[in-house]
Amino acid sequence: MTLTDSHQPKAAASKAKPAIFVDGGSGTTGLGIQERLRLQSDVVVKNIADEKRKDAGAKRELMGEVDLVILCLPDDAARETVALIDSMGALAPKVLDASTAFRVASDWTYGFPELTPDQADKIKAAKKVSNPGCYPTGGIALLRPLVDAGLLPADYPVTINAVSGYSGGGKSMIQSFEDGSAPSFELYGLGFEHKHLPETQLYSKLTRRPIFVPSVGNYRQGMLVSVPLHLDTLAGKPTGADLHAALARRYAGSKYVSVMPLENAAAKGGRLEPEALNETNMLELYVFASEKHRQAVLVARLDNLGKGASGAAVQNMRLMLGFADA
């Protein structure tokens with residue numbers, strides 16, 4: 001483990017393993033994080049008794065003993081716990097929040113390490129990191145490099161379509177699909193107020209609010225996020241190869257994000273299924289393009305519970321604790 005003096009975990013002075021507390025570990029994301037943490041031999045997970053989870057004093061005492069707290073709570077409860085952490089002053093642990101409460105807060109660092117070349121370093125240095133949403137992870141990964149490269153105008157009228165397994169919808173949605181009362185497929189978020197829109201727009205650097213159309217299918221996990229484009233409406237009228245090159249440059253050497261070769265995209269026969277990356281922290285990006293029709297569809301494939309939630313949280317945790325392999 002490589003650490004800087006200014007961000008040295010509390011446990012480092014005695015060479016002990018860094019300690020982690022997962023607050024709210026009974027939900028889908030929390031359970032996924034705890035499962036992944038069981039595979040981490042270089043950290044210690046501390047727990048609080050169930051009857052004391054809402055005891056602010058007991059929680060504060062435990063948080064004073066750990067290096068990092070991972071919050072898997074509803075937004076309001078996350079805000080309450082962060083206020084408690086803030087009140088601890090110099091004893092406050094680092095905090096990684098998996099809710100939507102702080103994803104666009106200016107004093108928090110956004111936990112998508114591949115966002116820009118220096119984002120991972122920002123996460124390493126941060127005291128407070130917001131874990132990204134699953135849909136934004138795919139959308140931002142596709143859009144931000146194109147905006148930065150000048151290929152996609154910031155005010156372009158972007159449309160993002162996406163499908164996720166039902167595990168991303170919370171306990172009631174999971175129950176409805178597993179007991180057979182849910183439809184096989186449905187669109188949702190049709191009120192134009194989906195909670196993932198603000199972070200998608202902000203970190204994609206879009207000045208025009210995108211149209212986002214999410215959907216859910218009758219399978220547990222796995223996600224496809226797609227962005228259709230008319231190439232002749234883009235700056236410089238790029239080809240599909242130009243878009244692909246911009247993505248490839250941004251993610252060259254990335255451990256978890258792969259830009260799939262154009263020939264592989266063509267070999268898919270115009271089909272792509274969402275479950276291939278389940279149980280991983282990987283993110284695949286595809287460019288499907290037709291020069292004949294001057295159209296393209298960009299697609300991100302990921303596990304909504306992996307790179308879209310729990311996997312990303314553990315990746316961020318390791319960065320925040322200064323692990324060399326993060």
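The values are calculated or read from the model by the stated rules, or taken from the named source; none is laboratory data. Just so it is clear, the model here is predicted, and its values are computed rather than measured. Cβ coordinates were reconstructed from backbone atoms using ideal geometry, including for glycine residues, and neighbour counts include every protein chain displayed. Protein only, heavy atoms only, side chains kept; ligands, DNA and RNA dropped before computing areas. Shrake-Rupley method; radii C 1.70, N 1.55, O 1.52, S 1.80 Å.
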If you go through segment 40-50 one residue at a time, do you hit one that is in a helix (DSSP H, G or I) and either among the aromatic types (Phe, Trp, Tyr) or at pLDDT below 90 (or both)? yes
Scope segment 149-177; condition open to solvent by 60 Å² or more (accessible area, probe 1.4 Å) and farther than 30 Å from Leu73 by Cβ; matching residues: Asp155, Pro157
Of the residues in segment 299-315, those that are small (Gly, Ala, Ser), over 14 Å from Leu37 (Cα atoms) and in a helix (DSSP H, G or I) come to Gly308
Within segment 1-25, the count of residues that are at pLDDT below 75, assigned to a loop (DSSP other than H, G, I, E, B) and not hydrophobic (A, V, I, L, M, F, W, C) comes to 6
Given (1) surrounded by 17 or more Cβ atoms within 10 Å (Cβ to Cβ); (2) under 26 Å from Ala309 (Cβ atoms), Pro238 misses just (2)
In the list Leu68, Leu39, which residue meets the criterion of being touching a Pro at 6+ places or on another chain (Cβ under 6 Å) and either hydroxyl-bearing (Ser, Thr, Tyr) or under 30 Å from Thr280 (Cβ atoms) (or both)? Leu68
Counting only residues that are assigned to a strand (DSSP E or B), open to solvent by less than 60 Å² (accessible area, probe 1.4 Å), within 24 Å of Glu279 (Cα to Cα) and of a type outside the set (Gly, Ala, Ser), how many does segment 178-226 have? 5
Does Arg301 satisfy the condition of being open to solvent by 10 Å² or more (accessible area, probe 1.4 Å), among the basic types (Lys, Arg) and over 21 Å from the mean Cα position of the chain (by Cα)? no
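Looking at Arg79, Arg103, which is the one that is surrounded by 13 or more Cβ atoms within 10 Å (Cβ to Cβ) and not in a loop (DSSP other than H, G, I, E, B)?
Exactly one residue qualifies, and that residue is Arg79.
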Return the only residue of Ala105, Ala98 being small (Gly, Ala, Ser), without any contact (Cβ under 8 Å) to a residue 60 or more places away in the chain and in contact with a Ser or Thr (Cβ under 8 Å, 6 or more places away or on another chain). Ala105
Do any residues in segment 279-291 that are outside any strand (DSSP E or B) have Cβ atoms under 8 Å from those of residues that are among the charged types (D, E, K, R) and open to solvent by 30 Å² or more (accessible area, probe 1.4 Å), where the two are at least six apart or on different chains, and which pairs are they? none
